[in-house]
Each structure stands twice: as C-alpha cells, then as structure tokens.
Amino acid sequence: MEWLETWFPNVLAYWDKFMESCIATLQMFLIGGGISLLIGFFFGVVLVIARPGGIRENRTAYRALNFFINTFRSVPFIILLIFLIPFTRLLMGTAIGVKGAVVPLCFGCVPFFTRQVETALSTVDPGKVEAARAMGSGTAGIVLRVYLHEAVPNLIRVITITAISLIGLTTMAGAVGAGGIGSFAINYGQNLHHQDIVNVCVILLLIIVSVMQTAGSTLAARTTNRALFRKGGNTK
Amino acid sequence: MIEIRDLKKTFQTEKQFVHAVNGVSLKINDGEIYGVVGYSGAGKSTLVRCINFLETPDEGSITISGAGTFTARNGRLYHTAEGSTKEVPAGDRQLRDLRRGIGMIFQHFNLLDRSTVAENVAYPLQYTGMRRADIDARVRELLQLVDLSDKADAYPAELSGGQKQRVAIARALAGNPRILLSDEATSALDPDVTESILSLLKELNTRLGVTIVLITHEMGVVKSICDRMAVMENGRIVEEGNVYEVFADPQANSTRRFVGASFGLSNVGRLQESGFITVAPDTRLIRLTYGRESVGEALISEVSRIFNVNMSIILANVEILQDMPLGGLLIQASGDPLAVDQAIRYLEERNVKVEVILNGVA
C-alpha cells in the first residue's frame, strides 16, 4: 500500500468516498444498462420487422419509433440531463443520486442502442429470413431463430460499444449530481486541485473499458465462426 | 396438383407499375418436374414465390391438392379448404400450414451460418411437437438421402456450394413436402456441380414422388430434368408444353432464342458475322430440326440425289431429351431454285422442320 500513498495520497484520504463512487457508477451502469438493454433490444427488433419490406411491416410504428430515436439522439447528453430533470423528479421522486440518474441514462442510451441493434440485425441476409418464412416460421420464430440467432456476434459487438459509451454517460451524469466516478473526479479532483484523484479515475476507467472491449471482441469472434473455434481455438 | 388460374401480381416502384405476373394460368401435375424458364425480369421468380405465398398475389387463385384453394382479390387472400365451399380470409395459420407442405430451395442456399448442417436440417422440424429423438433420426435419414452423413456437425462455411445446396435440399424435404420449389437453385453452381444437384433432384422426384417446380434462366436445366415447361416473358406465359415438343418446335420468339442458345445452332449468327458462312447466289442457308421419327434416316443424301441439289452440312447436333433424340442440322442448299423448293417440301413431308435462315440473292 506504500506506493498508493506515494503516488495517490489524496485517493487514500478519500478512500471511503472513492469506494462509494465506484459502487454508484456500478449501480448506474447495471440498472441503466439493464433497462436500456431490454428496451433497446425490443425497439431494435421492432424497427427491423416493422420497416418497409420487413416481416411485420407497420408504417406507423416504424415512423413513430424513428422519430423518437432521432429526437433523443440529436440532443447532447449533458443537455438531455437538464432537460429531463422535471420528468425524472415526477417519475422517481428525485433528480439526484443513482435513482435520479437512471432515467436520463436510459433516455441517452436506448436510442443509441436501438440503432445499434437495428444495424446488427440488418446484417442478417434477407434470404435466410425468406427461407424461414418458406419453412412456415412465424414472426416470433423468425426473430428468435433467424435474426437474433444469426446476429449474435454483431449483437455482442454492439452491446460492447453501447456498454462503453454508457460508462461515459454515467460520468457525465455525475456532473449534475448523480454521484459516481465522474462526480468524484470533478468534486474531489478538479475542485480541490487533487490531480492524483483525477489520474486514478482515468486509470480506472481505462481498465474498465479495456476489459469490456477485450471481453466483447473475444466473445464476438468466438461466436462468429464456431467451426474455427471448435477446430483448435484459433479465434481469428 | 397445382392449378394456377389467372394470377396477377403488380409491384409499384416510385415511377411506375411493374406487372411481374400478368395473368398466368397453368397446371402442374403430381409427381412431375415442371420448369419455368425466362430471362431475368420475366416474372418467373415472382410466380414461384406466389405458390407458397411468400408473395401475395393481387388477383387470381391457386389450388393445391391437399391444401385447398387460395384466392386473391385486390391483394387480399382467402382460403377455401379442400372439400369445403366456405371461404375464409387466409391468415398466418393457413399460410404456415401450407408452407410446411411445400419445400423450397434457393440460389444462395440461405442456410443459417451459425448452425451446423444437422441443426439446419432440423430447423423445420423443431417446435412442431416432434420429439427430439425422432428429429435426430429424421435428420440422419435426410443427410443420408443427400449423401452428407459425414458432414452433420460441419458448419456451412466448411462446405462447398454443391454441398450447401444438398443441405438446403435435405432441409426443404424435412417435413415430407409433396411439392418442392426451386428458385434458380443451380444458378450459382459450377456446371459439374449443377449436374449432380439436378440428378439428385431427379432421383428424389422418382424415389419420393415429390412434385418439383423449378425456375431457371438456363435452358440446359430444363432440358436435363424437366417433364414439362413454360416460357415466361413480361409476366406472361408465352409457351407451354412437353419439353421435347417445345424443343422440337418452339413457337414464341423467346423460346426460339432459349432453345437456340442451348442447342449450339445459335452459332450461325457468329459464323456469319465472322465471314465463315457466305451465301452465294442461288444458295440458301437452312436449319433442319428433326425428331425421333427422322433421326438416323439418310435424308440429306436422299434429297440431294432425288432433286439434284447440293447440300453441305455446316453444323450438326443431336440432343437427347427425355430419352429421345432431337436432331438439328444447318445446311447450305444450292442448285436450281425450283429443285430446292421441292427438296424443302419433301423434307417437310417427312416431319422435318425446315427454316430458311438466309436466301442468297443473285
């Protein structure tokens, strides 16, 4: 622990706060991410099947969803945070803390993730969908057994990208009172002029993002061509 | 039996209406291999996709034995069950039931890349209430049928094009369909692989009695396995009938082009252009097509002798269609014009089809 004292004295001084921030970030990430994952998946699937030429074409649903996504994607997250405060308060009873951060996190993450899922599912060859229809598969069958099944590697990739960008969003949420690593860096690092605290936050985020990217890439590669994996672990 | 009556399907693009299928009626008998040929854009793919309603026709009806009649009016589909007179709107259930009785194979195979060969073949059987052990047994049987038993655990990426199409065929046959639709299934394959896929289809047709409707732009495919055929152009059927008869005596222009292209005699044009054939005055360039009755007869020398005309053979070709020979000759006939006329008449009386391609002018 001696090196910690030498290199990051202030981090040690605010150790409890630091741990608290890490947990807050983790909570925001898991709750916000979990909800966004479910909603984004659902919306992404709806976009793909409802679009013109999709297996359940529905112009109204497609346009409404597109409009919603484009609207929220065009607002910078930091503005969205402030903009949503009244709504968050109404929904959650508070606009600060982890509880207050989940709502804007979802609004920031869902449109992004939905587009990513849409793109991932769009890479599935329409011929496979047609073959499934010809074999008597219905909408649910085609979504589960063709779209989601065939797009697994791409879905893993987009989940990785979204998770990394969500980490970024949680730190921004910290700027408006959500807590977490972001607010720890601002309040204890920047405002109190403890550069070592900022450095630790950067290193920590770097590690988190690297681990996620590596895990995501590995998993995606392994699911891409199961044959290569099976043949001797060469994951390309 | 598949009976299509007055089927119409129009697509609307931004600028215009495309009448992909424009009033097609045809009847396909149980157990036959029926070929639909046409150039791309002729509407053949739309037609075949209407048979299992991947495409909903605008107007017309299709009756399929065992599945009843589907009638389209104004782009809406209605179903009348076999033996019933009550017509109900055709919903997902009717269509899915119908599709389970019709297998389909495609130009690009459309296998699931992340599933093994066995999993692909099992696809239509899963979630149908069939027991796991029964599915496995059926998959083994199907893979044996297409001669791919050793590839059960391989992934599509590890297979050649021909093997992929075999997997697709096994998958299409999994549910014991009585009809197999083939949408340009050999168009992405090498000629020798095409040959093996076609003989597999023929074998399955004979062994299982499955009716095959295949569309293709290659006359060779039709020539090698079809019993009957239709030629499509601009959404309509311009010629229909027994393959041998269509080949022996094509009527429509596009049929002639198709037959010519697969017959080798279409080289005339090129030979002419490059100056290999010149037609002297009082010489005629004639194409003869002769069927099973005339093949082998020494007609040319006979005619030459009787009418005192010179007949030199430029091209000759004999095809075997449905186990019967069909011959074609390209000859230059010269001599007294009246004698040549008589010679042509003599040939026609002996069931030889005579076409004068070029008439040398003095």
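What follows is calculated from the coordinates using simple rules that are stated; it is not laboratory data. Keep in mind the model is a prediction, meaning the values are calculated, not measured. Note that each Cβ is placed from the backbone with ideal geometry, even for glycine, and that neighbours are counted across all protein chains shown.
What is the mean projected area of the alpha carbon convex hull for the stretch B:154-258, to one decimal in square nanometres? List each step's numbers first, then the result.
Working: hull surface 30.4 nm².
Mean projected area for the stretch B:154-258: 7.6 nm², to one decimal.
Rounded to the nearest 0.05, what FRET efficiency do B:VAL238 and A:MET19 have when you use their Cβ-Cβ distance and R0 = 51 Å? Spell out each step's value before the answer.
Details: r = 81 Å, r/R0 = 1.58.
After rounding to 0.05, the efficiency reads 0.05.
Determine by what factor the alpha-carbon radius of gyration of the stretch B:1-110 differs from 2.2 N^0.38 Å, reporting the quotient.
On the way: Rg = 14.0 Å, N = 110, 2.2 N^0.38 = 13.1 Å.
That works out to 1.07 for the stretch B:1-110.
Identify all aspartates and glutamates with a Cα-Cα distance to B:LYS27 below 20 Å; exclude those on the same chain that are fewer than 8 residues away in sequence.
Filter leaves B:GLU3, B:ASP6, B:GLU55, B:ASP58, B:GLU59, B:GLU82, B:ASP183, B:ASP227, B:GLU233, B:GLU239, B:GLU240, B:GLU245.
Based on the Cβ-Cβ distance from A:TRP3 to A:ASN191, what FRET efficiency comes out when R0 is 35 Å, to the nearest 0.05? Could you put the intermediate results ahead of the total?
Working: r = 26 Å, r/R0 = 0.73.
For R0 = 35 Å, the calculated efficiency reads 0.85.
Top mean-square fluctuation among B:ALA168, B:ALA133, B:ALA118, Gaussian network model of chain B, C-alpha springs under 10 Å?
Of the options given, B:ALA133 has the highest mean-square fluctuation.
Per DSSP H run of at least 4 residues, take -39500 (n - 2.57); add these up for the protein assembly as shown, divide by its residues and hand me the 222 nm value, nearest 500 deg cm²/dmol.
Numbers: 25 runs with 304 residues, N = 598.
Value at 222 nm, helices only, nearest 500: -16000 deg cm²/dmol.
So what's the stretch A:136-203 giving for Cα Rg divided by 2.2 N^0.38 Å, two decimals?
Details: Rg = 19.9 Å, N = 68, 2.2 N^0.38 = 10.9 Å.
Computed over Cα atoms of the stretch A:136-203, the ratio equals 1.82.
Find the relative contact order for the stretch A:123-185 and round it to a whole percent, using C-alpha pairs within less than 8 Å whose residues are 6+ positions apart. Write down the numbers at each step before the final one.
Working: 31 pairs, mean separation 12.8, N = 63.
Once normalised by length, the contact order is 20 percent.
With labels modelled as points extended 7 Å from the Cα through the Cβ direction, what inter-label distance (nm, one decimal) is found for B:SER301 paired with A:PHE42?
Placing both labels 7 Å along Cα→Cβ, they lie 8.7 nm apart.
What's log10 of I(q)/I(0) for chain A at q = 0.14, 0.18 Å⁻¹, Debye sum over Cα points only, no solvent?
At q = 0.14, 0.18 Å⁻¹ the computed log10 ratios are -0.96, -1.26.
Which lysines have a Cα lying under 20 Å from the Cα of B:LYS353, excluding residues fewer than 8 positions away in the same chain?
Partners within reach: B:LYS223.
Restricting everything to alpha-carbon atoms, can you work out Rg to Rh for the stretch A:1-70 with a Kirkwood hydrodynamic radius?
Details: Rg = 22.3 Å, Rh = 15.6 Å.
Taking Rh as the inverse mean 1/r over Cα pairs, Rg/Rh reads 1.43.
Would you please report the Å³ per residue occupied by the convex hull of the alpha carbon atoms in the stretch B:27-70?
Details: hull volume 3.9 nm³, N = 44.
Convex hull volume per residue, Cα atoms: 88 Å³.
Just the number, please: Stokes-Einstein D of the protein assembly as shown in µm²/s, Kirkwood Rh from C-alpha pairs, 4 °C, 1.567 mPa s.
Values: Rh = 29.4 Å.
Rounded, D is 44 µm²/s.
So how far apart, in nm, are the two label points at B:VAL18 and B:TYR346 if each is 7 Å from Cα heading toward Cβ?
A separation of 5.3 nm, rounded to one decimal place.
Between B:ASP249 and A:ALA215, what is the FRET efficiency for a Förster distance of 56 Å, r being their Cβ-Cβ separation, to the nearest 0.05? Could the numbers behind the result be given before it?
Working: r = 69 Å, r/R0 = 1.23.
FRET efficiency, B:ASP249 to A:ALA215: 0.20.
Quick one: compute the contact order of chain A, relative version, from alpha carbon pairs under 8 angstrom and 6+ residues apart, as a percent. Intermediate values should be presented prior to the final figure.
Numbers: 260 pairs, mean separation 59.0, N = 236.
Across chain A, relative contact order equals 25 percent.
Students often forget the sequence filter, so: which lysines lie under 19 Å Cα-Cα from B:LYS164 once same-chain residues fewer than 8 apart are removed?
The reachable lysines, counting only those whose Cα sits under 19 Å from B:LYS164, are A:LYS128, B:LYS151, B:LYS202.
With the calculation restricted to Cα positions, what are the radius of gyration and Dmax of the stretch B:30-167 in angstrom?
That works out to 17.8, 51 Å for Rg and Dmax.
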